[in-house]
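Visitor: Quick one: the structure is below, questions incoming.
The numbers here are math on the coordinates, done by the rules we state, and not lab data. Keep in mind the model is a prediction, meaning the values are calculated, not measured. All Cβ positions, even for glycine, are placed from backbone atoms using ideal geometry, and neighbour counts span all protein chains on display.
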Amino acid sequence: MTDGATTVLMRKAYARWAPIYDLVYDKLTEPAARAAVNAAVACGPKVLEAGVGTGLSLGYYPANAEVYGVDLSEDMLRRAQEKVDKRGLTHVKSLQVMDVTRLGFPDGTFDAVTAQFIITLVPEPETALDEFMRVLRPGGEIVLANHWGQPSGPVARVEEMVSPIAKAIGWSSAFKASRVENWARQTGRMEVVELRSLFPSGFFKLMRIKKTA
């Protein structure tokens, strides 16, 4: 399947999810999303939120932040814009339709790039991470909040059994944190500085990856 065909299918899937996304994800993902936002703004005010979706986390940023959100889905972004307008979220500077593997921002634009619950869904995650690194200033961080499968043990075996179901709702247990760690090492410019468990019971994890040069 070509990249174009994959993109079309993803847009259609997000269009179906958009009306019910908030109901399904909001409370379950809020603690992890807040942790990601806090880690991102600790790097500086200018933040790119990649895969911003319906904008569930936009209200978690402080007023002095400068947030730029991108997403593949116009339907998702329409709901995000409604939140911005209704709540007067003036720290949100723009919301744009954009593929995270082809970001339309200059090199070194952002203090932090955060991606919440999307990196395991991107068909080319390493390409997306390359783009996050490119638009990040030296010393800035990529902040990922996600569910990653356990590397080994009985929990890992159960996760592998239910992997098709988990993937259908956006949480691929087949995707391990080690894949991102390997990418960081291979760049020679990125260093994983934190990987910690979050609510509920470590199902989600926060990863911070610092750009060293």
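Visitor: Give or take rounding to whole Å, what are the principal axis extents of the alpha carbon atoms in the range 25-159, in descending order?
Guide: Its Cα atoms span 47, 33, 28 Å along the three principal axes.
Visitor: If you take every residue apart from Leu198 with its C-beta less than 11 Å away from the C-beta of Leu198, what net charge results, scoring Lys and Arg +1 and Asp and Glu -1?
Guide: Neighbour charge sum, excluding Leu198 itself: +2.
Visitor: ³J(HN,Hα) across the range 130-136 via Karplus (A = 6.51, B = -1.76, C = 1.60, θ = phi - 60°), whole Hz, x for Gly/Pro?
Guide: Using θ = phi - 60°, the values come out as 4, 5, 4, 4, 4, 7, 8 Hz.
Visitor: So, R0 is 30 Å and r is the distance between the beta-carbons of Glu191 and Ala63; what FRET efficiency does that work out to, to 0.05?
Guide: The value I calculate is 0.45.
Visitor: Dipole magnitude of the range 39-125 about its Cα centre, charges +1 at Lys/Arg Cβ and -1 at Asp/Glu Cβ only, in debye to the nearest 20?
Guide: Magnitude of the dipole: close to 300 debye.
Visitor: Specify whether the C-alpha gyration tensor of the range 42-122 places it in the rounded, prolate or oblate class, a ≥ b ≥ c being the square roots of the eigenvalues: rounded for a/c under 1.5, otherwise prolate if a/b is larger than b/c and oblate if not.
Guide: Oblate is the answer for the range 42-122, as a/c is 1.5 or above yet b/c matches or exceeds a/b.
Visitor: May I ask which of Lys27/Lys93; Lys27/Lys83; Lys27/Lys211; Lys83/Lys211; Lys46/Lys83 have a Cα-Cα span longer than 27 Å here?
Guide: Lys27/Lys211; Lys83/Lys211
Visitor: Another question, then. Measuring from a point 7 Å past the Cα of Thr109 along Cα-to-C-beta, which residues in the range 35-58 have an amide N at less than 12 Å?
Guide: Only 47-50 fall inside the zone, counting backbone N under 12 Å.
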